Amino acid sequence: MTELPLVLGTTTGDASPRRPSRWWQDFFGTPGNALITILCSAAVIGIGWLATRWLLIDAAFAGTPQDCKVANGACWPFLGAKLRYMAFGFYPFEEQWRPFLSLIVFIGAAVASMVPRLWSRNLLLLWVVVILPVLYGLMAGGVLGLPAVPTTQWGGLPLSFMLAFVGLSLALPLGVLLALSRASDLPVIRVLATSFIEIVRGVPLISILFMATVMLPLFMPEGVTVDKLLRAQVAIIIFAAAYIAEIVRGGLQDVPRGQLEASASLGMGYWLTMFKIVLPQAIKKVIPPLVALFISFFQDTTLVTIVGLLDFLDTVRSAMRDPAWQGIAVLEGYVFAAAVYFIFSALMGAYSRFLERYFRTTHD
């Protein structure tokens, strides 16, 4: 029997060797590909050049609104003049060191909590007993000689971070409980959980915010009021929990049923099986959609402006309405806000990829 020669790059029935593909052939291999590559490259270079001129070359980096009027580029003095207002809103100017310190403490504690080696019940207890009360005390005042500042004067980045972090932190366990309830064998619990999830997911967040802000006080006893910030926070928790429940339920369905049967054969109860076997695997599988949801809700905190709360994006818009800068700095404020949201969203995405690698290498 004649042996066929093994030639690199050949296939059965083709005796002529084929040259390996080069990366540039994907872009210039055909006249059509070459034309598309040239046009896209020209567009990217042109837009990049225009952006560079506007951001740097023709921009005004110091001066007054009058100096910005004669400049052909960005007006960066606007950010210097309005940075504190965009960051902290109507919080009293002389007390703005308090929200600034709160941000530093929050970011430091959050970064430390991202280290898997530190995950424990003690860390959760530290957040509940120490960190969150300290942050609230700094913002609200009324203790240790700090002047009281009502929540109606909170705004900017601290408000956006608080609504997103507290809302999603409390929505996660509620969403997990709803997911377990929807997968329950008890009909009443399953129907109630399913109804809650479908009703909440069937309406937009803006309607939940309106109901929490406008309709909830109508059901309260006369003379009893609920803080507007608390109402918005509860609305975000309820809305996020419904979406988290569906994501977690998808992870639960991906866990092999044989593991449930194995745990039952070992005499493990339902809750022990869920918390020791099923949920760790389910949560690991749904990390990407969970983080995507967290990023989305961090950005959706801008909707609270419709109920009278001044979030970060709204403080930027309010700064642009200052008569001294109105019509002069428009894109600059939105570029700054977009950069802030992009940085924090990108960091959350990077942390999600880190968690995926961590669980893949340590828990497989």
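The values are calculated or read from the model by the stated rules, or taken from the named source; none is laboratory data. What you see is a predicted model, and the numbers here were worked out from it, not measured in a lab. Every residue, glycine among them, receives a Cβ derived from its backbone with ideal geometry; neighbour counts consider all protein chains shown. Areas reflect the complete protein model, heavy atoms only, side chains present, ligands, DNA and RNA absent. Shrake-Rupley method; radii C 1.70, N 1.55, O 1.52, S 1.80 Å.
Distance between the 7 Å Cα→Cβ label points at Arg201 and Ser265: 3.4 nm. Here the Karplus curve 6.51 cos²θ - 1.76 cosθ + 1.60, taken at θ = phi - 60°, turns the phi angles of the stretch 42-50 into couplings of 5, 5, 5, 5, x, 5, x, 5, 4 Hz, with x standing for Gly and Pro. Accessible surface for the chain, divided over its residues, is 60 Å² per residue with a 1.4 Å probe.
For the peptides 228-238, 43-53, the ranking by packing is 228-238, 43-53, with the highest mean count of neighbouring Cβ atoms within 10 Å listed first. Taking only the C-alpha atoms of the stretch 263-320, Rg followed by Dmax gives 20.4, 66 Å. Projecting the Cα positions of Ile238, Ser207, Val248 onto the charge dipole of the stretch 197-249 (unit charges on Cβ atoms of Lys, Arg, Asp and Glu, taken about the Cα centre) puts Val248 furthest along the positive direction.
Taken over the stretch 198-302, the convex hull of the Cα atoms encloses 132 Å³ per residue.
Residues of the stretch 67-92 with backbone nitrogen within less than 15 Å of a virtual label 7 Å along the Cα-to-Cβ line of Arg53, please, listed as ranges. The answer is 71-74.
Rounded to the nearest whole angstrom, the semi-axes of the ellipsoid equivalent to the chain, taken from the Cα gyration tensor as √(5λ), stand at 43, 39, 19, largest first.
Whenever you get a sec, compute what percent of the accessible area on the stretch 26-97 sits on carbon and sulfur atoms (1.4 Å probe).
C and S atoms contribute 71 percent here.
In summary, the convex hull built on the alpha carbon positions of the stretch 102-197 has an orientation-averaged projected area of 8.7 nm². Over the stretch 224-364, the ratio between the Cα radius of gyration and 2.2 N^0.38 Å evaluates to 1.48. Spin-label pair Leu126-Trp97: with each label point 7 Å from Cα along the Cα-Cβ axis, the two points sit 2.6 nm from one another. Taking the Kirkwood radius as Rh and the Cα radius of gyration as Rg, the stretch 35-147 has a ratio of Rg/Rh equal to 1.22.
Note on Lys276: lysines with a C-alpha under 17 Å away, same-chain residues under 8 apart excluded, are Lys284, Lys285.
Would you kindly state how much longer the chain becomes between Phe219 and Leu144 on full extension, computed as 0.36 nm times their sequence separation minus their alpha carbon distance, in nm to one decimal?
So the extension gain works out to 23.4 nm.
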